[in-house]
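Enquirer: Here's a structure for you.
The values are calculated or read from the model by the stated rules, or taken from the named source; none is laboratory data. As the structure is a prediction and not an experimental result, all values here were calculated from the model. Ideal geometry is used to build each Cβ from the backbone, glycine not excepted, and the neighbour counts take in all protein chains shown. Surface accessibility is based on the protein's heavy atoms, side chains included, excluding ligands, DNA and RNA. Shrake-Rupley method; radii C 1.70, N 1.55, O 1.52, S 1.80 Å.
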Amino acid sequence: MEVGDGVDSESKSQRRVGLLYDERMCKHSTPDGEPHPENPDRIKVIWNKLQAASIPQRCVLLDAKEAEDKHILAVHSQNHVNLIKNISSKQFDSRRNRIASKLNSIYLNEGSSEAAYLAAGSAIEVTERVAKGEVDSAVAIIRPPGHHAEEDEAMGFCLFNNVAIAASYLLNEKPELLIKKILIVDWDVHHGNATQKMFWKDPRVLFFSVHRHEFGTFYPATDDGFYTMIGEGPGSGYNINVPWENSQCGDADYFAVWEHILLPVTKEFNPDLIIVSAGFDAAIGDPLGGCRITPHGYSVMLKKLMNFADGKIVLALEGGYNFESIAKSMLACVEVLLEDKPILGSSVAYPFESTWRVIQAVRKKLSAYWPSLADELPEELTNRKAPPAVYVPNSSSDSEAEEDDESQKVSEHLEEVLQDIIEPLSKLKVAESNQDHAACNSNTWRSELSKVDIWYAAFGSNLWLKRLLCYIEGGQVDGLQKPCVGSVDKTSPKEIMWKTFPYRLFFGREFSLSWGPGGVAFLDPESNSQDKTYICLYRITLEQFNDLLVQENHEGYVMSSPLFDLTALNSVTVEEPHSLQVRLEKGWYRNVVYLGKEHDIPILTMTCTPSEIEGFKSGEHALCAPAINYANMIVRGLVEGKQLSQEEAMAYIQEASTKGL
Ligand code: X5A
Ligand code: ZN
């Protein structure tokens, strides 16, 4: 996707972002302290995370407010308002638990009422500030969540429908603010059943919800979340459901929905304001959601929406039950709101086949209302799909933490686990808006870079030709935990030669998805006559080098433009080893280093960044002996390449992995 001219701080201007948090919303908790996924720590960890990142200082801090009954009554019954108003009072002490137990997935305590009023009032507050233009956008870190709370019934951890109350408030009470059309984007993993009903016949509110549905078996487990539910009367076409058929949807699935449903419709609807029902329970690692959106995924989804409504966008927290996931996801979102700069990268995983099926069904169902959905998606696009999701039965447990067995390990090795779902080298531009990138033709740069040869300098497992060929031809050698997709151009290296360089080889990182537990090799390209690293030079094209870069750096990339292009290569003016500009924000090998020339062809390697090298030297990052299967690859490379005997090769690795930096 968009790639800026680097991180030139001049070019990024700060936007005014309203931020609201109030500890009083932590008072709503389970009556006897039983554990519950929707607990006070959720908003605390989000707030702490933002504080640790010095976010509050950069935002306009807004004060929480209790909602007024008359504003809540726009979407809730008097009966329901009375209940929530009084439920925490003494008179209800004896009845509170019984009332809660009759409701669906609800607990209540002495703090519930105040928290519910604050959550709703705070949603109003941030939304009004954005509508007035006092801030450009805003985030409300609120609980209890709201989107399940029906007109006359609390359910699904929700007491008042915060987002619906805020939207109604602007439309009904503040006409002078000229917010006449509101888009509500509900990306919580659950269907926003109540919000849907509240604006069912109302064309002023376009309600969009993407959620696990599984044909009505996933919470709230009704048919209401199906794509056939499009609104009624004047509201026909103003309700859009994207019901997942299976768990495990991730960035690629959401991006595809954005690209092929939400963004085109938003453009046509042209909202004056956008409110996101921002649950983070579709985040990777969430114990209830079973989906896999990364923080990066959320930032891309949000960034795309900021192109509409003049950037007037409000995020109101809904669900999200993995502390680390929700904190990271929210942080990613606030950073997007604050910084006026493009986001690097996008997912290169494919959407599920089921995702394409659902997208097509939604488009067909709604094409009469939104002409931009009328075209059939090209088969070339929908043919690009991930293997079917592994079936995980839904937990029947109601409100206790529900856990897919996959969910627990996620937080520990988040980055690595992401690799699992990423298939590098998709040429599919699901993550890109076609307007933005009409000019960006991947064939153009590929053909250009295919004419330029470079030496790729390998010092790790790629020393073994067979392993390197996995990156070119695709495939999997023994010891590799997963297959490689290969390069677009599958031509073998034109020439191979060995050299030694006076640089230091070392091993770091504790785990990689390619090799399992154990470190991987890095090069410190600072010359030191004491050090000697064996390097295998492969003569490949600059196009192939880009495909290698993607595969080595598992951050999702749709390579619509090269990560390392001719301009970067031509920036070389001195022969000493030095780092060159690469458009990668993440990844262990995102530092491309120029190592001189051989037969007048530039030698390039990839290693960790200079600052990471410093970290390894200072002890901030631990060194780690190589994974055994990984070390074996290196040994094989050196032996089959006739550089060292088996024993010598093992001693070489041994030394590199034990000697301090
Ligand atoms: C707001 C939210 C989930 C309710 C799940 C009940 N509610 N099993 O995420
Ligand atoms: Zn949810």
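Enquirer: In the set I43, I55, I84, which member is closer than 30 Å to N322 by Cβ, within 16 Å of ligand 2 (Cβ to nearest atom) and at pLDDT 95 or above? Reasoning before the result, please.
Expert: On the way: I55 fails: within 16 Å of ligand 2 (Cβ to nearest atom); I84 fails: within 16 Å of ligand 2 (Cβ to nearest atom).
Among I43, I55, I84, only I43 is closer than 30 Å to N322 by Cβ, within 16 Å of ligand 2 (Cβ to nearest atom) and at pLDDT 95 or above.
Enquirer: Which numbered condition trips up G121, out of (1) surrounded by fewer than 18 Cβ atoms within 10 Å (Cβ to Cβ); (2) in contact with an Asp or Glu (Cβ under 9 Å, 6 or more places away or on another chain); (3) in a helix (DSSP H, G or I)?
Expert: (1)
Enquirer: Select from the stretch 166-183 the residues that are hydrophobic (A, V, I, L, M, F, W, C) and open to solvent by 50 Å² or more (accessible area, probe 1.4 Å) and list them in ascending order. Outline the logic, then answer.
Expert: Quick first cut of the stretch 166-183, residues hydrophobic (A, V, I, L, M, F, W, C) only: 166-167, 170-171, 177-179, 182-183.
Scanning the stretch 166-183 gives a single hit, L178.
Enquirer: Identify all residues within the stretch 483-531 that are over 16 Å from I634 (Cα atoms), of a type in the set (F, W, Y) and in contact with a helix residue (DSSP H, G or I) (Cβ under 9 Å, 6 or more places away or on another chain); write none if there are none.
Expert: Passing the criteria: only F511.
Enquirer: Please work out which one of (1) open to solvent by 20 Å² or more (accessible area, probe 1.4 Å); (2) farther than 21 Å from P351 by Cβ is the condition N246 fails and give its number.
Expert: Here N246 meets the rest and fails (2).
Enquirer: From (1) open to solvent by 40 Å² or more (accessible area, probe 1.4 Å); (2) within 16 Å of ligand 1 (Cβ to nearest atom); (3) closer than 28 Å to G297 by Cα; (4) charged (D, E, K, R), pick out the condition that doesn't hold for D186.
Expert: (1)
Enquirer: Answer yes if at least one residue in the stretch 281-288 is modelled with pLDDT under 95 and surrounded by fewer than 24 Cβ atoms within 10 Å (Cβ to Cβ), and no otherwise.
Expert: Yes.
Enquirer: For the stretch 193-216, check the following and say yes or no: at least one residue is in contact with a Lys or Arg (Cβ under 6 Å, 6 or more places away or on another chain), at pLDDT 95 or above and within 14 Å of ligand 1 (Cβ to nearest atom).
Expert: No - not one qualifying residue is present in the stretch 193-216.
Enquirer: Tell me, please, whether a residue that is part of a helix (DSSP H, G or I), touching a residue at least 24 places away in the same chain (Cβ under 8 Å), touching a strand residue (DSSP E or B) at 6+ places or on another chain (Cβ under 8 Å) and within 23 Å of L373 (Cβ to Cβ) can be found in the stretch 195-211.
Expert: Yes; the residues of the stretch 195-211 include at least one that is part of a helix (DSSP H, G or I), touching a residue at least 24 places away in the same chain (Cβ under 8 Å), touching a strand residue (DSSP E or B) at 6+ places or on another chain (Cβ under 8 Å) and within 23 Å of L373 (Cβ to Cβ).
Enquirer: Among the residues that make up the stretch 249-269, is at least one of them within 19 Å of I43 (Cβ to Cβ) and away from ligand 2 (no atom under 16 Å from the Cβ)?
Expert: Narrowing the stretch 249-269 to residues within 19 Å of I43 (Cβ to Cβ): none.
Scanning the stretch 249-269, I find no residue that is within 19 Å of I43 (Cβ to Cβ) and away from ligand 2 (no atom under 16 Å from the Cβ), so the answer is no.
Enquirer: Right, here's the next one. Does any residue of the stretch 222-238 turn out to be within 14 Å of ligand 2 (Cβ to nearest atom) and either among the acidic types (D, E) or crowded, with 24+ Cβ neighbours inside 10 Å (or both)? Spell out the reasoning first.
Expert: Kept after step one, since they are within 14 Å of ligand 2 (Cβ to nearest atom), are these residues of the stretch 222-238: 225.
After this cut, where a residue has to be either among the acidic types (D, E) or crowded, with 24+ Cβ neighbours inside 10 Å (or both) as well, the list is 225.
Checked against the condition, which is being within 14 Å of ligand 2 (Cβ to nearest atom) and either among the acidic types (D, E) or crowded, with 24+ Cβ neighbours inside 10 Å (or both), the stretch 222-238 yields at least one hit.
Enquirer: Search the stretch 142-165 for residues being more than 14 Å from ligand 1 (Cβ to nearest atom) and out of contact with any Gly (no Cβ under 9 Å at 6 or more places or on another chain), and hand back the single one that is least open to solvent (accessible area, probe 1.4 Å).
Expert: Filtering the stretch 142-165 for residues more than 14 Å from ligand 1 (Cβ to nearest atom) gives 151-152, 165.
Checking the rest, the ones that are also out of contact with any Gly (no Cβ under 9 Å at 6 or more places or on another chain) come to 151-152.
Details: E151: 106, D152: 84 Å².
Among them, the one singled out is D152.
Enquirer: Now, a different point. Is it the case that some residue within the stretch 253-265 is more than 16 Å from ligand 1 (Cβ to nearest atom), over 21 Å from the mean Cα position of the chain (by Cα), more than 15 Å from W356 (Cβ to Cβ) and open to solvent by less than 10 Å² (accessible area, probe 1.4 Å)?
Expert: Yes, there is a match, as at least one residue in the stretch 253-265 is more than 16 Å from ligand 1 (Cβ to nearest atom), over 21 Å from the mean Cα position of the chain (by Cα), more than 15 Å from W356 (Cβ to Cβ) and open to solvent by less than 10 Å² (accessible area, probe 1.4 Å).
Enquirer: Answer yes or no as to whether E495 is open to solvent by 60 Å² or more (accessible area, probe 1.4 Å), touching a Lys or Arg at 6+ places or on another chain (Cβ under 8 Å) and in contact (Cβ under 8 Å) with a residue 40 or more places away in the chain. Let's see the steps before the verdict.
Expert: On the way: open to solvent by 60 Å² or more (accessible area, probe 1.4 Å): yes; touching a Lys or Arg at 6+ places or on another chain (Cβ under 8 Å): yes; in contact (Cβ under 8 Å) with a residue 40 or more places away in the chain: yes.
Spelling it out, E495 is indeed open to solvent by 60 Å² or more (accessible area, probe 1.4 Å), touching a Lys or Arg at 6+ places or on another chain (Cβ under 8 Å) and in contact (Cβ under 8 Å) with a residue 40 or more places away in the chain.
Enquirer: Would you say I99 is among the β-branched types (V, I, T) and open to solvent by 20 Å² or more (accessible area, probe 1.4 Å)? Before you say what the answer is, go through the steps one by one.
Expert: Values: among the β-branched types (V, I, T): yes; open to solvent by 20 Å² or more (accessible area, probe 1.4 Å): yes.
For I99, the condition - among the β-branched types (V, I, T) and open to solvent by 20 Å² or more (accessible area, probe 1.4 Å) - is met.
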